[in-house]
1. Return the average number of partner chain Cβ atoms within 10 angstrom of each residue Cβ along peptide A:53-65.
2. Round to a whole angstrom and tell me the spacing of the C-alpha centers of region B:83-117 and region A:63-124.
3. Taking a point 7 angstrom from the Cα of B:HIS129 along the C-beta vector, which residues in region B:1-43 have backbone N less than 15 Å away?
4. Given charges of +1 on the Cβ of Lys and Arg and -1 on the Cβ of Asp and Glu, with all other atoms neutral, how large is the dipole of region A:23-123 about its Cα centre, in debye to the nearest 20?
5. What ³J(HN,Hα) values, in whole Hz, does the Karplus curve 6.51 cos²θ - 1.76 cosθ + 1.60 give for region B:42-56 when θ = phi - 60°, with x put for Gly and Pro?
6. Among the GluC sites (Glu not before Pro) in region B:1-53, which ones are in a DSSP loop with at most 16 other Cβ atoms within 10 Å of the Cβ? Mind listing them?
7. List, in order, the whole-Hz ³J(HN,Hα) value for each residue of region B:114-124 obtained from phi through the Karplus relation with A = 6.51, B = -1.76, C = 1.60 and θ = phi - 60°; use x for Gly and Pro.
8. Using only alpha carbons, build the gyration tensor for chain B and give me the equivalent ellipsoid semi-axes, biggest first, whole Å.
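The values are calculated or read from the model by the stated rules, or taken from the named source; none is laboratory data. None of the values given here were measured: they were computed from a predicted structure. Every residue, glycine as well, gets a Cβ built from its backbone with ideal geometry; the counts of neighbours run over all protein chains shown. Just so you know, the surface numbers come from the protein's heavy atoms only, side chains and all, with ligands and any DNA or RNA stripped out. Shrake-Rupley method; radii C 1.70, N 1.55, O 1.52, S 1.80 Å.
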Amino acid sequence: MKSLDELKAIRDRMKGQVDIREEGSDATRVVVGMATCGIAAGARPVLTAFSNAVQERDLQNVAVVQTGCIGLCMYEPIVEVYKADGEKTTYVKVKPEMVEEIIDQHIIKGNVVTKYTIETAKLG
Amino acid sequence: MMTEISLNILDVAQNSVRAEASLIEISVMIDTAGDRLTVTIKDNGCGMSEEQVKNVIDPFFTTRTTRKIGLGIPFFKQSAEMTGGSFSIKSELGVGTVTEAVYVLSSIDRMPLGNMTQTIHSLVTMNTHIDFLYTYSADGKEFALDTREFREILGSGDFANPEVSAFIMDFLRENHAEVSDLAE
């Protein structure tokens, strides 16, 4: 059985480390809709995929957070990306397989992945 | 309709988050001999009036002003009752709410328990200001995750820290596997 000793070791490693993970004004926010509609449509694995990808790439200025119903239930799972300059992109019907691309292309390189956005979805 | 019991748990636990609970207790109990799977979600949030409790189990009563209620509870209730099980919700204003769903374990209509690791991990790491006590038991074996213990060891509630978050994920995955293979 996994014990709490490991947590103590993590604490000891964290000691003395300066916390550079600050959600300041230069932070990108990834907001995942986690109301009933989002969860039923598959938001939970999407949220996990974003959290994991941000951790794996050690992205210090990216915060993954959750929100309630965005009001566009038919497009769930919905992920909104807010860049530091206030620009908002709404990705719709997001699947875990899309997460790497959104992180690498949009969040790191700054190129919106237009094929997954709500504007593209509305064009049908 | 949700496809896993664990998704219902995630959804209903969000109600406790919105009720501004400081402690949310989630228990999943598997009793093979009794042919039951019992899920309990208990919080010390703002609670509901008798009138509100009646409304949350009726999906068609919800109006825009009570939109935060929605389909979560009806889905949870239906998922248990369609197995021949039962559902109850008890609440008191200012005290909190207890929701219990009992499933008939062997029912063909019982949806899989599913990925409890992801459900509890996302609740704990996304709501670091709230304490969670999660117990998972199966036929006498059990494990518990208590964020109050984590908080004490770490000296903080930084569960979103990458190392801590990874630890919580592994802790859940390994302990689930040791207790029963019903949950991922």
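1. What the average comes to for A:53-65 is 2.
2. For region B:83-117 versus region A:63-124, the Cα centre distance is 33 Å.
3. Residues B:16-24 fall inside that zone.
4. That gives a dipole near 320 debye.
5. Along region B:42-56, the couplings run 10, 9, 10, x, 5, x, 9, 6, 4, 4, 5, 4, 4, 5, 5 Hz.
6. B:GLU20
7. Here the 3J(HN,Hα) series is x, 8, 5, 4, 5, 4, 5, 4, 6, 4, 5 Hz.
8. In descending order, the three semi-axes are 25, 22, 13 Å.
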